[in-house]
Amino acid sequence: MRPLPVAAPILLIPFLVGTATAQKGGEGVQSAPAGCDVNPRCAEVTSFVATVTDFTRSATNNDRLVSITVRFKNKTDAPLVLGYVRGSGLAVDDRGNRFQIYDGGVRGLGEVGPGLIDPKFTLTPHETGDARLEFSFRPNGAIVGSTFTIDLAIREIESLPGGQWQLGPEHALEFRGLGDLVANPQPSGDPPGAVKPMAEAAPPTVSDGCAGKRFCYGSSSFTAELTRITPSQSGRFRDVQLTVRFRNLTTRSLVLAETANSALVVDDEGNRYSPATPEVSGLGQNRYGTIDASFVLRPGESRDASFSVRDAPTGRVGSTYSFDFSVDEVEILPGNPPRVAREHAVGFHDVATSGPNALHRPLIDIHFGRP
């Protein structure tokens with residue numbers, strides 16, 4: 001999507017809003033509301049709450065990566081448009097290593113920067129929406145830590161008549177205690193601010209359309225349900241195929257497209273599975289601004305798409321997977337090429353292929369057409 005032009009003469013002067021780490025009573029600094037004071041993975045400002053709901057570590061041959069899913073909730077009674085301030089994201093581990101966001105490391109959120117305003121992340125009143133951010137570090141022999149603090153800046157974007165936009169308040173957010181420590185529950189009676197398991201950070205992303213299903217992402221316009229995961233081995237390659245069922249929740253036709261090269265799977269051993277060829281079947285793609293708008297769902301209609309990823313792991317192979325990708329809501333206007341109206345960061349985490357938490361086996365058999 002081509003970013004919209006900045007209305008430079010009417011840009012607002014940004015100001016910083018304190019988060020959970022702000023000192024109470026500090027002059028000129030707004031303290032975080034009490035709801036986030038005891039949760040180091042939560043940041044709350046006047047207009048929204050941001051909570052880290054997933055933290056994943058992975059590795060390539062040369063780099064170490066950490067990824068987070070941040071759930072934003074609009075606290076206001078009006079639409080809220082948010083953008084990531086380009087260059088502001090930073091993750092620092094407990095050994096002082098700096099992980100940074102590079103191109104393609106932000107999914108779901110539009111970005112703002114010099115001459116750039118991308119307003120594609122819009123939340124209706126009291127709606128929630130997810131964004132995915134990935135930070136990278138090349139150790140070059142350094143020892144990588146196990147606990148992380150992540151800082152980033154989010155800017156509000158305000159609509160003006162005539163399809164123009166101006167920048168509003170900027171919020172500095174900080175999330176602490178992310179990493180290995182969050183995997184271990186704290187004993188009862190912990191003091192406020194003690195690190196809790198990630199599972200307690202927030203409930204799963206669900207909408208009424210998800211009806212409480214565990215591996216289901218819900219937005220105001222569609223649901224995406226993971227219905228099948230199939231790992232396999234081919235020579236030195238480990239392949240994983242995943243099937244997602246999309247359902248239109250609106251009363252209008254809905255066009256969806258996957259953001260090309262956004263599919264990523266990480267297993268519980270830290271192996272990182274990248275898009276195979278072809279990456280997705282049954283769903284069109286947004287490939288660097290060229291959008292295949294062939295995936296159209298009528299009101300209430302459901303349809304499946306399959307994603308393929310692969311890796312050549314050199315060590316142990318995991319049995320539990322986290323799967324993330326981005327899907328765009330596409331707007332088609334007469335006489336104009338398709339454009340992205342909203343990007344969604346979709347994620348399914350801790351998906352097991354065996355055991356009590358495995359994806360329901362009878363559902364998999366039915367999907368294959370077997371009794």
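Considering the stretch 334-359 alone, what residues qualify as being in a strand (DSSP E or B) and either out of contact with any strand residue (DSSP E or B) (no Cβ under 8 Å at 6 or more places or on another chain) or not aliphatic (A, V, I, L, M) (or both)?
Correct list: Arg339, Arg342, Glu343, His344, Gly347, Phe348, His349, Asp350.
Filter the stretch 267-293 for residues that are among the hydroxyl-bearing types (Ser, Thr, Tyr) and assigned to a loop (DSSP other than H, G, I, E, B) and give the result.
Once the filter is applied, which keeps residues that are among the hydroxyl-bearing types (Ser, Thr, Tyr) and assigned to a loop (DSSP other than H, G, I, E, B), the stretch 267-293 yields only Tyr288.
Restricting attention to the stretch 158-166, does a residue exist that is within 29 Å of His349 (Cα to Cα), part of a strand (DSSP E or B) and in contact with a Leu (Cβ under 7 Å, 6 or more places away or on another chain)?
Within the stretch 158-166 (the criterion being within 29 Å of His349 (Cα to Cα), part of a strand (DSSP E or B) and in contact with a Leu (Cβ under 7 Å, 6 or more places away or on another chain)), the answer is no, since none of the residues qualifies.
Residues checked against (1) at pLDDT below 95; (2) within 18 Å of the chain's Cα centre (by Cα):
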site: Gly89; (1), (2): no, yes
site: Gly96; (1), (2): no, no
site: Gly105; (1), (2): yes, yes
site: Pro119; (1), (2): yes, yes
site: Thr122; (1), (2): yes, yes
site: Glu127; (1), (2): yes, yes
site: Gly141; (1), (2): yes, no
site: Ser146; (1), (2): yes, no
site: Ile157; (1), (2): no, no
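State which residue is modelled with the highest pLDDT when the search covers only the stretch 50-62 and only residues that are surrounded by fewer than 20 Cβ atoms within 10 Å (Cβ to Cβ) and more than 17 Å from Gly179 (Cβ to Cβ).
Asn62
Starting from residues that are of a type in the set (Phe, Trp, Tyr) and closer than 26 Å to Arg64 by Cα, keep the ones in the stretch 230-287 and report whichever is surrounded by the fewest Cβ atoms within 10 Å (Cβ to Cβ).
Filtering the stretch 230-287 for residues that are of a type in the set (Phe, Trp, Tyr) and closer than 26 Å to Arg64 by Cα, the one surrounded by the fewest Cβ atoms within 10 Å (Cβ to Cβ) comes out as Phe237.
Does Arg57 meet the test of being touching a residue at least 12 places away in the same chain (Cβ under 8 Å), within 20 Å of Gln100 (Cβ to Cβ) and in contact with a Pro (Cβ under 9 Å, 6 or more places away or on another chain)?
no
Name, by its number, the condition in (1) at pLDDT 95 or above; (2) over 26 Å from Phe295 (Cα atoms); (3) exposed (fewer than 14 other Cβ atoms within 10 Å of the Cβ) that does not hold for Asp151.
So the condition that Asp151 fails would be (3).
Looking only at the stretch 298-321, filter to residues that are surrounded by 12 or more Cβ atoms within 10 Å (Cβ to Cβ) and β-branched (Val, Ile, Thr); which one of those is farthest from the chain's Cα centre (by Cα)?
Val317
Here's the yes/no breakdown for (1) under 19 Å from Gly218 (Cβ atoms); (2) among the polar types (S, T, N, Q); (3) not assigned by TED's automatic domain parsing to the domain that holds Lys213:
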residue: Val240; (1), (2), (3): no, no, no
residue: Asp268; (1), (2), (3): no, no, no
residue: Tyr273; (1), (2), (3): no, no, no
residue: Glu279; (1), (2), (3): no, no, no
residue: Gly284; (1), (2), (3): no, no, no
residue: Glu301; (1), (2), (3): yes, no, no
residue: Gly315; (1), (2), (3): no, no, no
residue: Ser319; (1), (2), (3): no, yes, no
residue: Leu333; (1), (2), (3): no, no, no
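Filter the stretch 294-333 for residues that are aliphatic (A, V, I, L, M) and either in a strand (DSSP E or B) or at pLDDT 95 or above (or both) and give the result.
Val296, Leu297, Ala305, Val309, Val327, Val330
Would you say Pro119 is outside any strand (DSSP E or B), of a type outside the set (Lys, Arg) and within 17 Å of Glu329 (Cα to Cα)?
yes
The values are calculated or read from the model by the stated rules, or taken from the named source; none is laboratory data. Just so it is clear, the model here is predicted, and its values are computed rather than measured. Please note: Cβ atoms are built from the backbone with ideal geometry, for glycine as well, and neighbour counts cover all protein chains shown.
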